[in-house]
1. So, GLN79, is that one without any contact (Cβ under 8 Å) to a residue 24 or more places away in the chain, open to solvent by 90 Å² or more (accessible area, probe 1.4 Å) and either assigned to a helix (DSSP H, G or I) or not aliphatic (A, V, I, L, M) (or both) or not?
2. Restricting to segment 45-71, and then to whatever is farther than 22 Å from GLN110 by Cα and acidic (Asp, Glu), can you tell me which residue is nearest to the chain's Cα centre (by Cα)?
3. Specify the residue that is farthest from the chain's Cα centre (by Cα); the eligible residues are those in segment 84-116 that are surrounded by fewer than 13 Cβ atoms within 10 Å (Cβ to Cβ) and touching a residue at least 40 places away in the same chain (Cβ under 8 Å).
4. If you check every pair at least six apart or on different chains, which have Cβ atoms under 9 Å apart with a residue in segment 6-25 that is acidic (Asp, Glu) first and a residue that is outside any helix (DSSP H, G or I) second?
5. I'm checking my understanding of the structure. Among residues of segment 22-66 that are under 13 Å from THR93 (Cα atoms) and polar (S, T, N, Q), which one is most open to solvent (accessible area, probe 1.4 Å)?
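The values are calculated or read from the model by the stated rules, or taken from the named source; none is laboratory data. Because the structure is a prediction, the values reported are computed rather than measured. Because the Cβ atoms are built from the backbone with ideal geometry, glycine has one as well, and the counts that use them run over all protein chains shown. Surface accessibility is based on the protein's heavy atoms, side chains included, excluding ligands, DNA and RNA. Shrake-Rupley method; radii C 1.70, N 1.55, O 1.52, S 1.80 Å.
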Amino acid sequence: MANQVQVIGTLKCKETQKVIRFFKERGIQVHFLDLNVKGISKGELTNISRSIPLEELLDKDSKEFQKKNLKFMVYDTEQLLLENSLLLKTPVTRSGGKSILGFDSGKLSQLVKELK
């Protein structure tokens, strides 16, 4: 397996910055998907949702969620995340068929071991 991971998030997100730094310090190449520049694709979201339930990926505490007044609406979570990637909890780290949500040093360290 290649010595690389994909990190999905925004550059303003402190947790995303920590994950990127974590991998770079360990010599792992990072492909960064900035959600402010490009949204997440259906294929990527499907792949991620095999490891992390869609409901857990939706950031209900985000400004974007509140701005859109989604608290009292009925919505299709997958469609919502595809239409507005900024509602995605970040960071999401992908490698192979695995996805990790947030900065979880235990899970990230395990991923590094699998990549080396």
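1. No: the conditions fail for GLN79.
2. Here is the first cut: in segment 45-71, the ones farther than 22 Å from GLN110 by Cα are 45-46, 54-55, 58-71.
From what is left, the residues that are acidic (Asp, Glu) are 55, 59, 61, 64.
On the way: GLU55: 13, ASP59: 11, ASP61: 15, GLU64: 16 Å.
Going through the qualifying residues, I end up with ASP59.
3. If we take residues in segment 84-116 being surrounded by fewer than 13 Cβ atoms within 10 Å (Cβ to Cβ) and touching a residue at least 40 places away in the same chain (Cβ under 8 Å), then LYS116 is farthest from the chain's Cα centre (by Cα).
4. Once the first residue is acidic (Asp, Glu) and sits in segment 6-25, its partners that are outside any helix (DSSP H, G or I) give GLU15/GLY9; GLU15/THR90; GLU15/PRO91; GLU15/GLY102; GLU15/PHE103.
5. Looking at residues that are under 13 Å from THR93 (Cα atoms) and polar (S, T, N, Q), I get GLN29.
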